[in-house]
Amino acid sequence: MNIFGKFSKDVGIDLGTANTLIYLKNKGLVVNEPTIVAVNNKSGQIVAIGNEARKMLDRTPQHINVVKPLIGGVISDFEMTEEIIKYHLRNLSEGIFNRYGLAVLGVPTHLTEVERKSVEDAALSAGASKVYLIEEPIAAALGARLPVEDPTANMIVDVGGGTTEIAIISIGGTVIANSLKIAGDKLNEDIIRFIRDEFKLAIGEPTAEELKIAIGSAIPLEEKLEMVVRGRDLSTGLPKEAVIKNSHIRMAISRSLKTIAEASKNLIEEAPPELVGDILERGVYICGGGGMLRGLDQYLSKEIASQATLIDDPLTCVIRGIGMIIEDFGRYEKILDSQARPREVKI
């Protein structure tokens, strides 16, 4: 480590189910790409990673398989996850040195020791010398510039791709938290199922994602939004198109949104009374890509009887918080000390 210290770089990674974001010290956010890999089944070679692999989703021949190596925020395919991290870090390396010093990775709450170790091992194998893990809600609160080190409640609802992380943070640590396997990917599944049942039309995940972004909402809207989608007619097997309205999408995802709201209410009910008073005064903060769903802040405000606010640029909130740690490690080290013990590799 001492020999290569001047050549190594500190890096922060938000390894999400939907997107991988990487922050490089002194350079800022340098990678924001989908957590997807396309693999040739015959040769075992990787065909594409990130944006190029997403273009192939539901469009590949039989010998190419498009893989999402994280499911619900947990690594389901260690080898492919390692390849994603290696690919991005290799592209960021300069000259002949491909070592990284400190690496801080955001992870969901309530990961088992085995799951945490798999994340650490993936980063160590990709070239990091020392790995710290930080729970995503704490990183998100830092990224939102909330006073996480003060003795007051900071409630975060982080709606990601695979998980929704709900946490109440105070004095640099998590007081109480819950992690749901209901988030952006689950909303896409809800939309696919609804279109299939109501319109007898089979669509893929990319179309469901497009519907959610283009016309989806958590509450009724004044404007009438609709979109034409194309897919396979389940009755004839032939191409078919249908006009989908905003109300259809809202109906499709209503049950999942209700589950997120109920989980938020249950967390508040279990929190210490003084912190609940803080939440009433300060409100709840929403982040994550799924948090950008139209009207989600108003929906949660009504459900939990407290003001819910969408953080600016919610998609990069976690990586911004990790970046703050990377840039000023000495200041935030005590927050990391409340997390799991760091893993390191000897050089």
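We did not get these values from a lab; they are worked out from the coordinates using the rules stated. This is a predicted model, so every value here is computed, not measured. Please note: Cβ atoms are built from the backbone with ideal geometry, for glycine as well, and neighbour counts cover all protein chains shown.
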Mind listing the phi-derived Karplus ³J(HN,Hα) values for the range 35-52, rounded to whole Hz, using 6.51, -1.76 and 1.60 with θ = phi - 60°, and x for any glycine or proline? 8, 9, 10, 9, 10, 7, 5, 6, 9, x, 7, 7, 8, 7, 9, x, 4, 5
Taking amide H positions as placed 1.01 Å from N in the peptide plane, with prolines and chain starts having none, which residues 5 or more places from SER217, or on another chain, fall under 5 Å of its amide H? ARG250
Looking only at ILE182, ILE326, ILE46, which one moves most when the chain is put into a Gaussian network model with springs between Cα atoms under 10 Å? ILE46
Full-extension gain in nm, GLU226 to GLU113, via 0.36 nm per residue minus C-alpha separation: 36.1 nm
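Compute the length gained on full extension between ILE219 and ASP150: take 0.36 nm times their separation in residues and subtract their Cα-Cα distance, giving the result in nm to one decimal. Show your work: numbers first, answer last.
Details: separation 69, 0.36 × 69 = 24.84 nm, distance 3.40 nm.
The span from ILE219 to ASP150 would gain 21.4 nm if fully extended.
How high is the relative contact order of the chain, in percent, counting Cα pairs under 8 Å that sit 6 or more residues apart? Present the calculation step by step, with values, prior to reporting the outcome.
Numbers: 717 pairs, mean separation 66.7, N = 347.
Relative contact order here is 19 percent.
Order 27-34, 137-144 from most to least packed using the mean count of other Cβ atoms within 10 Å.
Result, highest mean first: 137-144, 27-34.
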Gain in length, GLN62 to ILE46, computed as 0.36 nm per residue apart minus the alpha-carbon separation, to one decimal in nm? 4.3 nm
Between ILE286 and residues 5 or more places away or on another chain, the pairs with built amide H atoms under 5 Å apart involve VAL157, THR309, LEU310, ILE311
In percent, how large is the relative contact order of the range 206-268, given Cα pairs closer than 8 Å and 6 or more residues apart? 32 percent
According to a simple spin-label model (label point 7 Å from Cα along Cα-to-Cβ), what is the distance in nm between ASP328 and GLN298? 3.7 nm
Excluding residues on the same chain fewer than 8 positions from LYS258, give the lysines whose Cα lies under 30 Å from its Cα. LYS68, LYS181, LYS186, LYS200, LYS212, LYS224, LYS245, LYS302
By the gyration tensor of its Cα atoms, with a ≥ b ≥ c the square roots of the eigenvalues, what is the shape of the range 114-208: rounded for a/c under 1.5, prolate for a/b over b/c, or oblate? oblate
Expected vector for the range 131-137, Karplus 3J(HN,Hα) from phi with 6.51, -1.76, 1.60 and θ = phi - 60°, integer Hz, x for Gly and Pro, equals 10, 10, 10, 10, 5, 4, x
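Taking the Cβ of MET80 as the centre, find all other residues whose Cβ is under 12 Å away and add up their charges (Lys, Arg: +1; Asp, Glu: -1). Spell out each step's value before the answer.
On the way: positive: LYS68, LYS86; negative: ASP77, GLU79, GLU82, GLU83.
In short, -2.
Compare the peptides 251-259, 239-247 by average per-residue count of other Cβ atoms within 10 angstrom and give them in order, highest first. Don't skip to the answer; put the middle values down first.
Numbers: 251-259: 17.4, 239-247: 15.4.
Top of the packing list down: 251-259, 239-247.
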Evaluate the relative contact order of the range 152-200 (contact order divided by residue number), counting alpha-carbon pairs under 8 angstrom at least 6 apart; express in whole percent. 29 percent
Output wanted: per-residue J couplings in Hz (rounded whole) for the range 110-117, from phi through Karplus 6.51 cos²θ - 1.76 cosθ + 1.60, θ = phi - 60°, x for Gly and Pro. 6, 6, 6, 4, 5, 5, 5, 5
Under the helix-only model (-39500 (n - 2.57) for each DSSP H run of 4 or more, divided by the residues of the chain), the mean residue ellipticity at 222 nm, to 500 deg cm²/dmol, is -12000 deg cm²/dmol
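Highest mean first, what order results for 101-109, 193-201, 309-317 on Cβ atoms within 10 Å?
Peptide ranking by packing, descending: 101-109, 309-317, 193-201.
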The set of residues whose placed amide H lies less than 5 Å from the amide H of VAL31, leaving out same-chain residues fewer than 5 positions away, is ILE22
